[in-house]
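Read the structure below first, then the notes.
The values are calculated or read from the model by the stated rules, or taken from the named source; none is laboratory data. From a predicted model like this one, the values you see are computed outputs, not experimental measurements. So basically every Cβ, Gly included, is an ideal-geometry build from the backbone, and we count neighbours across all protein chains shown. All accessible areas refer to the heavy atoms of the entire protein, side chains included, with ligands and DNA or RNA removed. Shrake-Rupley method; radii C 1.70, N 1.55, O 1.52, S 1.80 Å.
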Amino acid sequence: FGTEIADLVEKQKSRKERSVFSYLINKRDSLEKDLEGWANITSRTEDAGHLSAAVNLLEDRLAKLGLEAVPDFSNQRSAWTWQTPAGLAGGTLIVLTLDNPAHPGQPSVPFRRGPEWFHGEAVATSRAGIVCTLAALGALRSVRRLKKKPVGIFAYTDEGRGMRYSDEVLKAVSAQAGEVLVMRPGALGGKVITQRRGFRKYSVSIEGRAVRAEHKKTEADAMTWFLGKSAEIIALSRPAKRLTVAVQDVRADHYSALMPHRLEVVVTMSFLYQNMADAADAALRKIFTPDVKKKGPRARIVLLEERPPLRAKKANPVVARLAAIGE
């Protein structure tokens with residue numbers, strides 16, 4: 001917002017574009033206060049109370065801007081949709097995350113302003129996107145263009161659950177829009193994200209007998225059995241082809257002086273190509289398929305979360321427009 005840039009914009013832009021730019025400059029301090037207010041609502045995925053407060057606040061703010069709820073694309077549990085009087089068909093759909101996937105026991109990050117950065121609870125992943133969206137809608141309304149623009153807002157509260165309950169609603173409402181903008185962090189240097197890997201998350205339950213360490217030669221305990229499998233899991237990765245399979249978490253149950261008899265393992269997979277993910281999925285399940293001829297632990301694998309990859313389009317018109325606006 002330096003004066004040199006502002007003077008340049010004043011010379012190059014139309015009257016309405018100058019008005020929008022001036023609106024955002026004049027609101028800068030209030031935007032920072034708005035960001036602080038949103039960051040102070042610690043709406044983590046498991047925190048139903050604060051999640052409800054975040055939904056109610058967003059609904060109130062959008063109602064004041066003239067947007068109306070769309071019951072057909074809301075489940076009132078994890079997904080809500082609003083639209084301008086012009087509707088959202090063929091228009092722009094903006095996707096907002098309201099929950100913070102942080103663990104409930106993790107200390108919250110207090111909001112603070114640095115010389116260049118804002119710090120606080122879910123500032124990048126959720127709060128900045130909400131504030132930017134509300135500011136953009138307010139700027140359109142300031143030049144009396146909001147009612148005429150087909151714009152939809154989709155907000156969900158189960159990011160920490162892999163969008164288990166909201167994904168079908170998002171697919172349905174996205175099919176109505178002409179373009180979809182997901183308000184997630186970009187990258188340093190003014191870069192935007194135009195391609196995302198797909199993601200799968202598995203839960204593996206391993207059950208074995210409780211044996212003493214000195215008896216491991218006759219029958220493998222659950223931990224030793226899994227450690228032998230972990231190398232096979234990691235070997236499924238193909239970094240050059242954008243496929244990564246990793247063991248993310250291991251929790252063990254055991255009795256005093258005995259080896260672990262139960263493990264809960266989390267395995268994740270990120271991928272860019274669906275066929276490679278399906279092949280890795282089959283191989284992963286084969287690794288945990290027990291040999292009926294041998295004694296030893298037994299495993300059960302369950303797919304918890306799945307998100308398809310987002311492949312970049314060549315000559316994407318949205319990217320070209322963003323580059324022009326950035327200049």
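Close contacts from region 91-117, counting a first residue that is of a type in the set (Asp, Glu) and a second that is in a strand (DSSP E or B), with Cβ to Cβ under 9 Å and a gap of 6+ residues or different chains, come to Asp99/Arg44; Asp99/Tyr156.
Check region 116-139 and report whether any residue there is under 19 Å from the mean Cα position of the chain (by Cα) and either farther than 22 Å from Ala187 by Cα or acidic (Asp, Glu) (or both). Taking every residue of region 116-139 in turn, at least one turns out to be under 19 Å from the mean Cα position of the chain (by Cα) and either farther than 22 Å from Ala187 by Cα or acidic (Asp, Glu) (or both).
Please state which one of Met276, Met269, Met223, Met259 is surrounded by 16 or more Cβ atoms within 10 Å (Cβ to Cβ) and free of Cβ contacts under 8 Å to residues at least 40 places away in the same chain. Quick ask: steps written out before the conclusion?
Values: Met269 fails: free of Cβ contacts under 8 Å to residues at least 40 places away in the same chain; Met223 fails: free of Cβ contacts under 8 Å to residues at least 40 places away in the same chain; Met259 fails: free of Cβ contacts under 8 Å to residues at least 40 places away in the same chain.
It is Met276.
If the condition is being in a helix (DSSP H, G or I), in contact with a strand residue (DSSP E or B) (Cβ under 9 Å, 6 or more places away or on another chain) and in contact (Cβ under 8 Å) with a residue 60 or more places away in the chain, then region 127-166 contributes Arg127, Ala128, Ile130, Leu137, Leu140, Glu159, Gly160, Arg161. Scanning region 99-135 for residues that are under 14 Å from Arg61 (Cβ atoms) and open to solvent by 50 Å² or more (accessible area, probe 1.4 Å) gives a single hit, Cys132. Filtering region 81-98 to residues that are part of a loop (DSSP other than H, G, I, E, B) and within 20 Å of Asn56 (Cα to Cα) leaves only Leu98.
Just one of the listed residues (Asp291, Asp281) is open to solvent by less than 40 Å² (accessible area, probe 1.4 Å), of a type in the set (Asp, Glu) and either closer than 23 Å to Ala222 by Cβ or at pLDDT 95 or above (or both), namely Asp281.
Taking the listed residues Ala155, Ala124, the one that is closer than 30 Å to Thr268 by Cα and in contact with a Pro (Cβ under 7 Å, 6 or more places away or on another chain) is Ala124, with no other qualifying. Checking each residue of region 301-315 against the condition of being within 30 Å of Glu207 (Cα to Cα), open to solvent by less than 40 Å² (accessible area, probe 1.4 Å), among the acidic types (Asp, Glu) and within 20 Å of the chain's Cα centre (by Cα) gives at least one match. Restricting region 140-165 to residues that are under 12 Å from the mean Cα position of the chain (by Cα) and open to solvent by less than 50 Å² (accessible area, probe 1.4 Å), the residue that is nearest to Ser108 (Cα to Cα) is Gly160.
The set of residues in region 181-204 being in a strand (DSSP E or B), open to solvent by less than 80 Å² (accessible area, probe 1.4 Å) and in contact with a helix residue (DSSP H, G or I) (Cβ under 9 Å, 6 or more places away or on another chain) consists of Leu181, Gly198, Arg200, Tyr202, Val204. Filter region 66-95 down to the residues that are touching a Phe, Trp or Tyr at 6+ places or on another chain (Cβ under 9 Å) and surrounded by fewer than 17 Cβ atoms within 10 Å (Cβ to Cβ), then identify the one that is farthest from Glu179 (Cα to Cα). Per the criteria, the residue is Arg77. Can you pull out every residue in region 316-327 that is open to solvent by 70 Å² or more (accessible area, probe 1.4 Å) and either more than 22 Å from Gln195 (Cα to Cα) or not aliphatic (A, V, I, L, M) (or both)? Once the filter is applied, which keeps residues that are open to solvent by 70 Å² or more (accessible area, probe 1.4 Å) and either more than 22 Å from Gln195 (Cα to Cα) or not aliphatic (A, V, I, L, M) (or both), region 316-327 yields Pro317, Arg321, Glu327.
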